[in-house]
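Encoded as structure tokens, the structure appears first; notes follow it.
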Amino acid sequence: MANSDVKEITENYLNMDLLRFTTAGSVDDGKSTLIGRLMFDSKSIFEDQMEAIEQSSKRRGDENVNLALLTDGLKAEREQGITIDVAYRYFATPKRKFIIADTPGHIQYTRNMVTGASTANLAIILVDARKGVIEQTCRHAFIASLLQIKHIIVCVNKMDLVEYKEEVFEKIKHDFTEFSSKLDINDVRYIPISALHGDNVVDKSKNMDWYQGATLLYTLENIQINSDYNFIDTRFPVQYVIRPMSDKWHDFRGYAGRVEGGVIKKGDEVIVLPSGFTTKVKAIDSFDGELDEAHPPMAVTLTLEDEIDISRGDLIAKPNNQPKVGQDIELMICWLNQKKLAVGGKYAIKHTTNDMRCIIKEVKYKMNINTLHRYQDDKEIGLNDIGRILIRTTKPLMHDPYNRNRGTGSIIMIDEFTNETVGAGMILPGS
Amino acid sequence: MSSYTLTHLEQLEAEAIFIFREVAAQFEKPVLLFSGGKDSICLVRLAQKAFWPAKIPFPLMHIDTGHNFPEAIEYRDSMAKEVGAELIVRYVQDSIDKGKAQEEKGPNPSRNAIQSITLLDSIEELKFDAAFGGARRDEEKARAKERFFSHRDDFGQWDPKNQRPELWNLFNGRKHVGEHFRVFPISNWTEMDVWQYIAQEKIDLPSIYFSHKREVVERDNMLLAKSDFITLMKGETYEEKIIRYRTLGDMTCTGAVESKAADVQDIIQEVASARITERGGRADDKRSEAAMEERKIQGYF
Ligand SMILES: Nc1nc2c(ncn2[C@@H]2O[C@H](COP(=O)(O)OP(=O)(O)O)[C@@H](O)[C@H]2O)c(=O)[nH]1
């Protein structure tokens, strides 16, 4: 191999960015095949792995090499009915590193997709060309919009089984567009593919001249994701206070945390909540030297001009742009545990770097996530259910609506006895 | 807006730093498990960054099998001194002497398995409630579902069926008395990321990661270094070869690879060329042995 290729790869490597995506599809839509295909065609799979799956494909009597076998770990589990869980997979092209949250369809689907979606920039929703838009497709689209995944790619798979017909693709596109117009989704793209044969996955299909758009991999590599964060509302939850107590850094008091929103610059006037004291940013410090500015998702350390009593859980914002502060919070909740949500029950919650408790005041409704119907009569929220609830927290929560800021708009609920994470909540604008 | 971007390494670094701070805030007595390998060396750098200008607010702990490469021990001691961290060493030999663990038999007995006994005992003895490790999800299939915060029951066991879902950046470290957590800040890194980070940060590594001459014996398709812990079997001889190590473990079971890679850039090229070869789907007879092994270890799934 040419040395220049290697050089290019190793140099590019330092300029790559990162895209996290999740894959959704019902059983047998071809999700495993697609992931296998992406990795195989982007040459992220090595020869010995390939030999291994070629052999097992032959043993199983498969006609084509079964790329789904690459992600077979999960399948075996599914068949044996063992835990179904999110698995993370990695591949890279010279442009981007990709983290796939691979969420198996099926029983625990909602819980898994919500978990995988919570950190994703993008969701791939698979539709079987023969079946068209079905209930599950709607469910996946709803969860993606609920979790505010900014980009959605609808892959119409198994085009080979419908003779690569444009009408089939257009019909699905039309149906999905109609359904998703009821949801909060902005960027939807449609790609006709055959995961099995590779059409439009990495290489352009020769069987679908009518499709002028980009292939899946090209789209994944080039989609703009850097405006997905909120760069407007400055939010800095204090995570940890750094006090070196050494001679050299005697008076140093640094506030470490992850920037959840906005851009913080040296000299900025800031307000510390809940105390309400204002001061200025003295410096943004790091091991590698002082920084001019900090933005999401950087993890930095701030020093401030004035000595104010600040601890973990406090939030730094701008005086003219503050989060809401309150104890009565309305949420969409996804329930993750066998034990049902108890109205009147108390739970521990985590919100940014804050710990507190809450009481469940009311269930407003439960969603039918296939039809978007709201049940006003059945309000029991169990495993994999999604509903709208009202809680009261033990101390004021400094929050934004989830659709404005994922970081300050999300909470998890914890069972105080088992310590399990039982609920995932997204704060609604009215709170 | 579009200028506010981070490279993937910057994002991975920020994620790891966040995890370190979260553990320091949520737990009473964390410890960083330092194996001496490149992954745990990266962890130390990330911990330094997380708490700078303060020192790392928890000790490093090494479980010494007694079969380590002397170069690795030297590196460990000088590194701990340099970063100013407390270093705790616990010995597998002590567990053996106390009858808690039993030595394997054979011509190259491995202490890998019994290492975990010493580890769990030390965690209990020193009352650590969170232990950082350098494991990555891309290392093997089974790890693809591991959490950043991995809950262990009061026997130190991992129950894959009972892991807590992890959403957003909200990490649930609540536990009952006697339970502890393993925490993996570089879960989302691949081997290539680790090497690139080492290059970018100009992190020193133990010398045996780089090409050098050494007397080795070939056994079970592995090149094992000459040492007191290895007994030559019939027909075996030591041979001098130009080799390097890809991982650092016991001298008894860590195989060397023949390689001329003399610095981090060379190693990155070796790793990258293994991939490119495959990328082009070309049969490449010049593929180095290191590259071959890379593929196996990388084992994407
Ligand atoms: N003809 C055809 N079959 C496909 C395609 N994609 C997947 N399949 C087949 O559909 C079946 C289910 O695929 P799999 O990837 O296991 O589905 P999963 O359950 O969504 O992971 C397998 O037999 C695949 O070979 C495709 O594009 N065309």
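What do you get for the angle between helix A:166-180 and the principal long axis of chain A? Use alpha-carbon atoms, 0 to 90 degrees, nearest ten. That helix lies at roughly 20 degrees to the long axis. Spin-label model, residue A:395/residue B:220: points 7 Å from Cα along the beta carbon direction are separated by 5.5 nm. Here the translational diffusion coefficient of the protein assembly as shown follows from Stokes-Einstein with Rh set to the Kirkwood radius across Cα pairs; for 37 °C and 0.692 mPa s it amounts to 120 µm²/s.
Round to the nearest 0.05 the FRET efficiency obtained for residue A:293 and residue B:228 when R0 = 56 Å and r is the Cβ-Cβ distance. Computed FRET efficiency for residue A:293 and residue B:228: 0.50.
Both chains summed, the buried accessible area for A and B stands near 7600 Å², from protein heavy atoms and a 1.4 Å probe. For the range B:1-160, the solvent-accessible area with a 1.4 angstrom probe is 41 square angstrom per residue. Enumerate the aspartates and glutamates that residue A:171 could reach by cross-link, defined here as Cα to Cα under 20 Å, with residues fewer than 8 away along the same chain left out. Counting by Cα, and skipping residues close in sequence, residue A:171 has these aspartates and glutamates nearby: A:29, A:128, A:135, A:160, A:163, A:187, A:199, A:209.
Start at zero, step by 20 Å, and the Cα-Cα distances of chain A spread as 23, 50, 25, 2 percent across the bins. In the range B:139-229, Rg over Rh equals 1.11, where Rg is the alpha-carbon radius of gyration and Rh the Kirkwood radius from pairwise Cα distances.
Farthest toward the positive end of the dipole of the protein assembly as shown, out of A:262, A:146, A:39, is the Cα of A:146, where the dipole comes from beta carbon charges about the Cα centre.
Charging the Cβ of each Asp and Glu at -1 and of each Lys and Arg at +1, and nothing else, the dipole of the protein assembly as shown about its Cα centre rounds to 1600 debye.
Sorted on the mean count of surrounding Cβ atoms within 10 Å across their residues, most packed first, peptides A:92-98, B:17-23, A:250-256 read B:17-23, A:92-98, A:250-256.
Note on chain A: with charges restricted to the Cβ of Lys and Arg (+1) and Asp and Glu (-1), its dipole about the Cα centre is near 1060 debye. Compared with the dominant principal axis of the Cα atoms in chain A, helix A:3-12 is inclined by about 40°.
Can you give me the Rg/Rh ratio for the range B:2-130, using Cα atoms for both radii and the Kirkwood formula for Rh? If you can, show how the numbers build up before the last one.
Details: Rg = 17.1 Å, Rh = 16.3 Å.
Taking Rg over the Kirkwood Rh, I get 1.05.
Could you provide, to the nearest whole Å², the per residue accessible area of the range A:262-410 with probe 1.4 Å?
Details: 6440 Å² over 149 residues.
Solvent-accessible surface per residue comes out at 43 Å².
Sorting A:196, B:9 on solvent-accessible area from highest to lowest, probe radius 1.4 Å, gives A:196, B:9.
The count of lysine pairs in the range B:133-233 whose Cα atoms are under 26 Å apart, excluding pairs fewer than 8 places apart on the same chain, comes to 6. Look at the alpha carbon pairs under 8 Å that are at least 6 residues apart: their mean separation over the length of the range A:168-308 gives a relative contact order of 16 percent. Over chain B, all Cα pairs binned in 20 Å intervals from 0 give whole-percent P(r) values of 30, 59, 10, 0, listed from short to long. From helices alone, the protein assembly as shown scores -8000 deg cm²/dmol at 222 nm; the rule is -39500 (n - 2.57) for each run of n ≥ 4 DSSP H residues, then divide by the residue total.
Could you tell me the center-to-center distance, by alpha carbons, between the range A:235-286 and the range B:166-186 in angstrom? About 25 Å separates the Cα centre of the range A:235-286 from the one of the range B:166-186. Counted over the protein assembly as shown, the DSSP beta bridges are approximately 70% antiparallel. Helix A:47-60 and the longest principal axis of the Cα set of chain A meet at an angle near 50°.
Within 10 Å of the Cβ of each residue in B:189-195, the mean number of Cβ atoms contributed by other protein chains is 3. For the segment A:341-351, counting C-beta atoms of other chains within 10 Å of every residue's C-beta and taking the mean gives 1.
So what is the relative contact order for chain B, in percent, with contacts set as C-alpha pairs under 8 Å and at least six apart?
Working: 471 pairs, mean separation 56.1, N = 301.
RCO, chain B: 19 percent.
Legend: mean number of C-beta atoms from other chains within 10 angstrom of residue C-beta atoms, peptide A:17-23, equals 3.
Considering only protein heavy atoms and a 1.4 Å probe, what is the carbon-and-sulfur percentage of the accessible area of the range B:79-190? Please report the intermediate quantities before stating the final value.
On the way: 2520 of 5200 Å².
It is 48 percent, rounded to a whole number.
Taking the 1.4 Å solvent-accessible surface of the range A:175-300 as the whole, the part contributed by carbon and sulfur is 47%. Full extension of the chain segment joining residue A:165 with residue A:280 gains 35.2 nm, where the gain is 0.36 nm per residue of separation less the Cα-Cα distance. Among the listed pairs B:49/B:105; A:158/A:364; A:266/B:29; A:182/A:280; B:38/B:100; A:265/A:364, those with a Cα-Cα distance over 32 Å are B:49/B:105; A:158/A:364; A:266/B:29; A:182/A:280; A:265/A:364. Residues of the range B:226-260 with an amide N closer than 12 Å to a point placed 7 Å from the Cα of residue B:213 along the Cα-to-Cβ direction: B:240-243. The orientation-averaged projection of the convex hull spanning the C-alpha atoms of the range A:229-317 amounts to 5.3 square nanometres. The residues of the range A:203-226 occluded by other protein chains by 20 Å² or more of accessible area, set against the chain on its own, are A:226; surface from heavy atoms, 1.4 Å probe.
The values are calculated or read from the model by the stated rules, or taken from the named source; none is laboratory data. A quick note: this is a predicted structure, and the numbers were derived from the prediction, not measured. Cβ sites come from the backbone with ideal geometry, for glycine too, and all protein chains shown count toward neighbours. All accessible areas refer to the heavy atoms of the entire protein, side chains included, with ligands and DNA or RNA removed. Shrake-Rupley method; radii C 1.70, N 1.55, O 1.52, S 1.80 Å.
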